[in-house]
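Beneath this line is the structure, given in structure tokens, with notes to follow.
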Amino acid sequence: MIRWKYLAPRIVLLLLAVATVWFLLNPGLKYLLERTGRKLLSAKVEIARLHTSLWHTRLQLDGLRVADPKAPMKNLFEADRVELVLDPNALLRGRYVVRRAQVRGLRLGTPREVSGMVEEDGWGLPQVDAERLARQWFERFSLLAKQQIEQEANRLESVRLVREMAQRWPAEYEELKRRAEILKSKAENLRELCRLTPQNPAEAVENYRRVIDELNRLYDEIAQLRGQMEHIGTQIQRDQQALAQAQQRDLQRIDRLLQMDPLSTEGLSQLLLGEEVGPLARRVAGWIAWVQQRIPDEPASAGNPGPQRGIDLLFGPAANQPQWLVESILFDGQLQCGSQQLAFTAAADGLSSDARLYGKPVVVKVSVRGRMTLAAIAELDRTGPEPVTRITVNCPGLVQPERVLGKPGQLALTVSSGSAHLWASLELRGETISGQLLLQQQPV
Amino acid sequence: MQLSWIRPAKLVTRVLTEAASPRQMAWGFALGMLLGLVPKGNLTAVLLSVLLLSLNVNLAAGVLGTLLFSAVSPVFDPLTHRLGYWLLASHPLEPLWAGLSQVPLFPWTRLTNTVVLGNLVLGLWLFFPVWWGVHCAIRHGQPVLAERLRRFRAMQVLGGLETVARWRQP
């Protein structure tokens, strides 16, 4: 019943293919990853051991070391273990679902025994023209800065007033000049009329009557002109006053803008947390911002599905799986912050291309331990119509040096050294921010 | 001269003149019908192809059935879509589909596509009637037809026409 002549060679070929994959997949993939990494970074990428499981769609790299291309005797980073577990069924449906991603024992900038520089072998990436890129960046930056300055200048009241006057006053001057010219020509006409020698008494009477009429009209026009001149005089005074008031208001506005500077993120964290914890807080905030940037507010358009026969119905968890999803990603390792070596753990759950379809918010947890402890939890909710971000930061036992708030010699407050506890809970809903910030220090 | 009609005609002639048993021909045609109905490009179609090629059935009849039903299959799409949708959306079967969706490689079978499932079910439903019909037709009509085709040297004529058509092809 079975056609063995057809089936047997194919079974043998299939077994051979499976055996080849079984024996060559790990070394082949290791070679490929090391070579690709080397070409991309122009520095050595070393993997001590690589293990893949096709059945569980798991990739595990042990002892990953990536050299720093700018400092060959240092590592850009190294990790004890990198593990990636994908959802095989989602992958078969063309969706990328990472069940679990872990980077354990991550260390940055560690020293190397052997140089991480690689020899050029002909097919490296094209060299980047740094000068050209810098010039392009600077041109773009200067254009943007110019636009920004112009926008700010347009918002100033005095600038607007001066522009309006610059249009109005020349027109006013031209009008006065025109009327003066007309008066001058009329005066000339009158003089010519006076010089005329009449032929007879009747003509002389008629002449004098015309001269008197012309004189009366000229007097009226001169009076009008004088009135206009007086009006211009008062207008000049009003404009001067308006300009002075606008200048005053603009100066106050600029003062307010300049006063915002001490309340900038860096200034505030420096003031509250001191020089030691400030950079760490900024780095943690940077991680949260990095995650936030990678979550699309709106799901990507599915596009035109094109002609196809029938419709695909999805069942079980697959029904609400977005195009890509990272269910859980974890990093832990050591972090150098100033002179301190700190242990950190960072985890993010529920990163996806379509949070509404997935129906769960992204949760980022960062914890730093060492001479001080910092824990931050951020919940980035994009499931509703409005993006909502909730951030809670807890930093107990902050060692604070003595600080002076204000200007010494004027009004200033000296805060003595001590242990502080920082706790903050913030909620960003659309464009509004609300929450509580608590800094408690003993003794003050 | 068109190669497109010479080749199917040659295939039909070969099916009718081959010395295969009616049973093998019926099996080949019925399996070919099943394969022809199912949309291609999925694991279901691949498994059906492997089944057709692995079993000791008449391949010419199988290829004929596949070509014939591949051509008419899109005509049944509205019907098979509704049939597939009814099966996939029926509440009692939902746990079955949810469970099968978790089985590795199942998504590649595309059995959760309405037309694929509908066509497969339609093919399975038609399998025995087609097998029986072809079996009867071959058993009674094939010897007479084969004799006539052999007498008119139909295979040789069609072979010659194919050679001429190939030669004249630009």
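Tabulated results
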read-out: Verdict on B:Pro143 being outside any helix (DSSP H, G or I) and either of a type in the set (Gly, Ala, Ser) or at negative phi (or both); value: no
read-out: Selected residue [more than 12 Å from every other protein chain (Cβ to nearest Cβ), part of a helix (DSSP H, G or I) and either β-branched (Val, Ile, Thr) or surrounded by fewer than 18 Cβ atoms within 10 Å (Cβ to Cβ) (or both)] from B:Leu47, B:Leu64, B:Leu34; value: B:Leu47
read-out: The listed residue being within 14 Å of chain A (Cβ to nearest Cβ), in contact with a helix residue (DSSP H, G or I) (Cβ under 6 Å, 6 or more places away or on another chain) and under 26 Å from B:Pro8 (Cβ atoms), out of B:Pro74, B:Pro107, B:Pro39; value: B:Pro39
read-out: Some residue of segment B:34-43 being under 26 Å from B:Glu162 (Cα atoms) and in contact with a Leu (Cβ under 8 Å, 6 or more places away or on another chain); value: yes
read-out: Residues satisfying the stated conditions in segment A:308-341, i.e. assigned to a strand (DSSP E or B) and modelled with pLDDT of 85 or more; value: A:Asp312, A:Trp324, A:Leu325, A:Val326, A:Glu327, A:Ser328, A:Ile329, A:Leu330, A:Phe331, A:Asp332, A:Gly333, A:Gln334
read-out: Pick from segment A:369-392, criterion assigned to a strand (DSSP E or B) and touching a residue at least 60 places away in the same chain (Cβ under 8 Å), ranking: nearest to A:Ala424 (Cα to Cα); value: A:Ile391
read-out: Breaking point among (1) surrounded by 12 or more Cβ atoms within 10 Å (Cβ to Cβ); (2) assigned to a helix (DSSP H, G or I); (3) more than 14 Å from chain B (Cβ to nearest Cβ), for A:Arg10; value: (3)
read-out: B:Thr112, sole failed condition from (1) under 22 Å from A:Ala90 (Cβ atoms); (2) more than 9 Å from every other protein chain (Cβ to nearest Cβ); value: (2)
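The values are calculated or read from the model by the stated rules, or taken from the named source; none is laboratory data. Keep in mind the model is a prediction, meaning the values are calculated, not measured. Positions of Cβ are generated from backbone atoms using ideal geometry, with glycine treated the same way; all protein chains shown enter the neighbour counts.
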